[in-house]
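J.: Before I ask anything, let me first share the structure, which is written out below as structure tokens.
The values are calculated or read from the model by the stated rules, or taken from the named source; none is laboratory data. This is a predicted model, so every value here is computed, not measured. Please note: Cβ atoms are built from the backbone with ideal geometry, for glycine as well, and neighbour counts cover all protein chains shown. Just the protein is used for accessible areas: all its heavy atoms, side chains included, with ligands, DNA and RNA removed. Shrake-Rupley method; radii C 1.70, N 1.55, O 1.52, S 1.80 Å.
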Amino acid sequence: MTLGESAANSRLHYVVQSGKMAVMKRTLLGLTLTALAALAQSPQPPPPIISPVVHADKTVTFRFRDPNAKEVFLAREGAMRLPMQKDEQGVWSVTTDPLEPDFYGYSFVADGVRLIDPSNSLMKPNLLNAESEVHVPGPNSLAWETNDVPHGEVHHHFYRSTVVGDDRDYFVYTPPGYDPSAKKVYPVLYLLHGFSDDASGWTAVGRANVILDNLIAQGKAKPMIIVMTLGYGAPEIVSRTGMRTPGLRERNMTRFRDALFTEVIPQVEKEYRATKDRNARAIAGLSMGGAESLYVGLNALDRFGWVGSFSAGGLSEDLAATFPKLDSKANSELHLLWIACGTDDRLIAANRKFREWLKSKDIRATEIETPGAHTWMVWRRNLAVFASLLFQDGSPRPTN
């Protein structure tokens, strides 16, 4: 090949390659334009939903996107279901009347299916019915509102229960200024959760640590240790029918009592500056925990001088068999027997019946009935009042 032929071939190769590059660029440009056009024509993702929205007048707007649902309701703790309305984007919404400042559990019921709010990260934990939660803020004077006061600490413990045969946990609140190396000992409240709650119920939902921080800072409560342990002696009771299963409620309470006496209390008194004096030891609880506090506390007056019950549920109908040794001698041993229930609570009749039985045995109790249903809004207030009465010098004896 001559020099001229070689140069000509090189020019031809360059032209061919340049042509290919031009074709490729035009193809890529065409594909890009096609993709952009398709993207412009495709449905855009809907804007994010903001829910819940707490307004200045304490009304709350809830929103939930479900274009295919036929009907959606708001199910709010302590209230009747509210129907929600759907807009053209498939977003359901409802605005409540003004709400009292508090924390409220809620969920959406879409075509009969209960759902949490996917737009809200604040949760109300529960073993059977987890819900979303909304905070309607109130003044600092409310016991459960976080304030700029000294704060105690919440400690989480795990252990293997030989009584129940499982791995379980409990929480311990220590008050501000608690020093594990000091000689000072503290009174102890054993605080029990309700059916379907877990051991975190009183801190995660009930805000017991916040309530005690505020009461102690205001001088309304003695600095105390609070022990919040798992309340199931028979874990199989945690089911839709567990509380109605014959014999299971009794087994649940007796094994819980045994685990409390032989495992939790000894461990707490070993690891914390906790008193061993019955006069400075209390037990209280809500719903199932209220029944457990009555069953455990009133049958062990050598261990507890203070007993509280908030909306108790689950005691046996045979009260004489449940409390075989309880009589009027308890009046001289109890610093406080405090029995509370909301007037709209489904358990109010059972609580009144129990109080009447106590009267028939000449046993005095402080009887508390407040507005409200079977809700945490009632039990937070119960704890704030009950805790302020505990371990006070010259505390009045129970009176009917």
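J.: Residues in segment 346-359: is at least one part of a helix (DSSP H, G or I), touching a residue at least 60 places away in the same chain (Cβ under 8 Å), farther than 24 Å from R207 by Cα and of a type outside the set (A, V, I, L, M)? I'd like the intermediate steps shown before the answer.
T.: Step one: of segment 346-359, the residues part of a helix (DSSP H, G or I) are 348-359.
The next check asks that each one be touching a residue at least 60 places away in the same chain (Cβ under 8 Å); those that pass are 354.
After this cut, where a residue has to be farther than 24 Å from R207 by Cα as well, the list is 354.
So of that shortlist, the ones also of a type outside the set (A, V, I, L, M) come out as 354.
The answer is yes, given that some residue of segment 346-359 is part of a helix (DSSP H, G or I), touching a residue at least 60 places away in the same chain (Cβ under 8 Å), farther than 24 Å from R207 by Cα and of a type outside the set (A, V, I, L, M).
J.: Look through segment 240-273, keep the residues that are modelled with pLDDT of 95 or more and not in a helix (DSSP H, G or I), and return whichever of them is farthest from the chain's Cα centre (by Cα).
T.: Per the criteria, the residue is R273.
J.: Right, another one. In segment 360-378, how many residues are assigned to a loop (DSSP other than H, G, I, E, B) and open to solvent by 60 Å² or more (accessible area, probe 1.4 Å)?
T.: Quick first cut of segment 360-378, residues assigned to a loop (DSSP other than H, G, I, E, B) only: 361-365, 371-375.
Subset that is open to solvent by 60 Å² or more (accessible area, probe 1.4 Å): 361-362, 364, 371.
Residues meeting the conditions: 4.
J.: Same structure again: Scan segment 324-340 and report the pairs whose first residue is acidic (D, E) and whose second residue is buried (at least 20 other Cβ atoms within 10 Å of the Cβ), with Cβ atoms within less than 8 Å and a gap of 6+ or a chain change.
T.: D327/I363; E333/G305
J.: Starting from segment 46-73, take each residue that is closer than 9 Å to W92 by Cα and list its partners that are among the hydrophobic types (A, V, I, L, M, F, W, C) and open to solvent by 80 Å² or more (accessible area, probe 1.4 Å), counting only C-beta distances under 8 angstrom and pairs at least six apart or across chains.
T.: So the pair list comes out as R63/I50.
J.: If a residue has to be closer than 18 Å to N126 by Cα and open to solvent by 10 Å² or more (accessible area, probe 1.4 Å) to count, how many in segment 379-391 make the cut?
T.: Step one: of segment 379-391, the residues closer than 18 Å to N126 by Cα are 379-380.
Next, only the ones that are open to solvent by 10 Å² or more (accessible area, probe 1.4 Å) stay: 379.
Summing the residues that are closer than 18 Å to N126 by Cα and open to solvent by 10 Å² or more (accessible area, probe 1.4 Å) in segment 379-391 gives 1.
J.: Here are some residues: T343, T370, T375. Which one is among the β-branched types (V, I, T) and touching a residue at least 40 places away in the same chain (Cβ under 8 Å)?
T.: Working: T343 fails: touching a residue at least 40 places away in the same chain (Cβ under 8 Å); T370 fails: touching a residue at least 40 places away in the same chain (Cβ under 8 Å).
Result: T375 is the single residue among T343, T370, T375 that is among the β-branched types (V, I, T) and touching a residue at least 40 places away in the same chain (Cβ under 8 Å).
J.: Among the residues of segment 120-153, count how many are closer than 30 Å to G219 by Cβ, under 15 Å from the mean Cα position of the chain (by Cα) and open to solvent by 50 Å² or more (accessible area, probe 1.4 Å).
T.: 1
J.: For segment 269-299, which positions are out of contact with any Phe, Trp or Tyr (no Cβ under 8 Å at 6 or more places or on another chain) and of a type in the set (A, V, I, L, M, F, W, C)?
T.: Passing the criteria: only A291.
J.: Would you pick out the residues in segment 100-122 that are part of a strand (DSSP E or B) and touching a residue at least 60 places away in the same chain (Cβ under 8 Å)?
T.: D102, F103, Y104, G105
J.: If you don't mind, there's one more thing I want to ask. Name the residue, out of E145, E88, that is without any contact (Cβ under 8 Å) to a residue 24 or more places away in the chain, among the charged types (D, E, K, R) and not in a strand (DSSP E or B). I'd like the intermediate steps shown before the answer.
T.: Values: E145 fails: without any contact (Cβ under 8 Å) to a residue 24 or more places away in the chain.
Exactly one of E145, E88 is without any contact (Cβ under 8 Å) to a residue 24 or more places away in the chain, among the charged types (D, E, K, R) and not in a strand (DSSP E or B), namely E88.
J.: Cβ-Cβ under 7 Å, sequence separation 6+ or interchain: first residue in segment 231-251 and at negative phi, partner buried (at least 17 other Cβ atoms within 10 Å of the Cβ) and among the hydroxyl-bearing types (S, T, Y). Which pairs?
T.: V238/S196; V238/Y232
J.: Hey, another quick one. Hey, can you tell me all the residues within segment 274-313 that are open to solvent by 10 Å² or more (accessible area, probe 1.4 Å), among the hydroxyl-bearing types (S, T, Y) and in a helix (DSSP H, G or I)?
T.: Y295
J.: Only one residue in S316, S328 is in a loop (DSSP other than H, G, I, E, B), at pLDDT 95 or above and among the polar types (S, T, N, Q). Which one? Give the derivation first.
T.: Details: S316 fails: at pLDDT 95 or above.
Going through S316, S328 in turn, the sole match is S328.
J.: Scan segment 163-181 for residues that are closer than 10 Å to N209 by Cβ, out of contact with any Asp or Glu (no Cβ under 9 Å at 6 or more places or on another chain) and not in a strand (DSSP E or B) and jot them down.
T.: Matches in segment 163-181: none.
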